[in-house]
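Here's the structure we're looking at; comments come further down.
Computed from the coordinates by the stated procedures, all read-outs in this text should not be read as laboratory data. Just so it is clear, the structure is predicted and the values come from calculations on it, not from any experiment. A quick note on method: Cβ atoms are made from the backbone with ideal geometry, for glycine too, and the neighbour counts reach across all protein chains shown.
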């Protein structure tokens, strides 16, 4: 979890840097236009660059301070969300990637913090058990002089008198030499106890008791040493096991992290490609609409055009209702249910006026949406409202292949075909 939080936090910080640069430029532009005071500009820039720095710091703390790492990473994700909601970034593939990376890294850091707490608790339990095991080797002095350990006596005996006794009493010197390998502590105890009693009859018992106590202390020290060695061995084995687990699972974790990043990138690319609203910058649907308005063919769903752009055929019912009424008068009842013919709700050309045989005509063309090639309606309407003519070609309307509508006169069929070519080439 810590490794994944580290990697995702680094990638989130790198992604956040691009947002920070973009935001820096946006703040500078808005401030230069007088839309933001200088103090607010500085604060905004500090916040923009502070968020990716928080991502990097949070990623760096993933192994040592998982709780603080989670706080920084989740705070960075929340910060980008707030900025996107309030300062016009919008929700696009860049902001979504940054928020998702920081958010996932923060959640993984929370999981790592929980596992760290459990590990610490288990470690405390092991230490407590070790302490209990060590206490089990302590000897209870309440069980009598044969079992209890006697504290090292103070060397407050008369050293000159003891040296004299050792010099002139061979038996005492032999017992002192026997106990000497046990250490000065026990030699001093022999001198202290013997001089305190000052009765040679107790010398064998004093020597035996000293040897028992020395043996008990040695056994206790050996037990403690073995216990500590076993504890160190368990710690080393546990560390080696964890190291081996990390070494064994690291490739899978890295591959999993890369797979997650690849999935996020694919989702973002899909949103980028299939959903124009997720793209940063100018609104693509609006840009597409403007491009369509400047072309000779536009869809009936395009909004009304400005005055400096041409009108389109689908706007005829709204802008020129009189002309539309004249055109509908030549459409038979069987075609009134066909919207792209009767209401001109289809892919439309720009409206064009022509002069012909002393009359001014307004005309255009409309085709069936998603099937323009074999379904086309071309019309001409006299501006004085006296007449209208049209041609209709369709392979989807029953009984219609190619028909003319309206009172055609000599040469008008050829003229309307020529008109269709004219508007198709503009």
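Calculated FRET efficiency, residue 167 and residue 234, Cβ-Cβ r, R0 41 Å, to nearest 0.05? Don't skip to the answer; put the middle values down first.
Details: r = 54 Å, r/R0 = 1.31.
Here the calculated transfer efficiency is 0.15.
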### Query
Is segment 301-426 rounded, prolate or oblate when judged by the Cα gyration tensor, a ≥ b ≥ c being the square roots of its eigenvalues, rounded requiring a/c under 1.5 and prolate requiring a/b larger than b/c?
rounded
### Query
Any idea how far apart residue 402 and residue 21 come out in nm if each label point goes 7 Å out from Cα toward Cβ?
5.9
## Note on the structure
Of 178-184, 357-363, 250-256, ordering from highest average Cβ density within 10 Å down gives 357-363, 178-184, 250-256
### Query
For the residue pair residue 414 and residue 258, what label-to-label distance in nm results when each label sits 7 Å from Cα along the Cα-to-beta-carbon direction?
7.2
#### Entry: Sequence of 324, 99 once ranked by neighbouring C-beta atoms within 10 Å, starting from the fewest
324, 99
#### Entry: Order of 372, 367 under a 10 Å beta carbon neighbour criterion, fewest first
372, 367
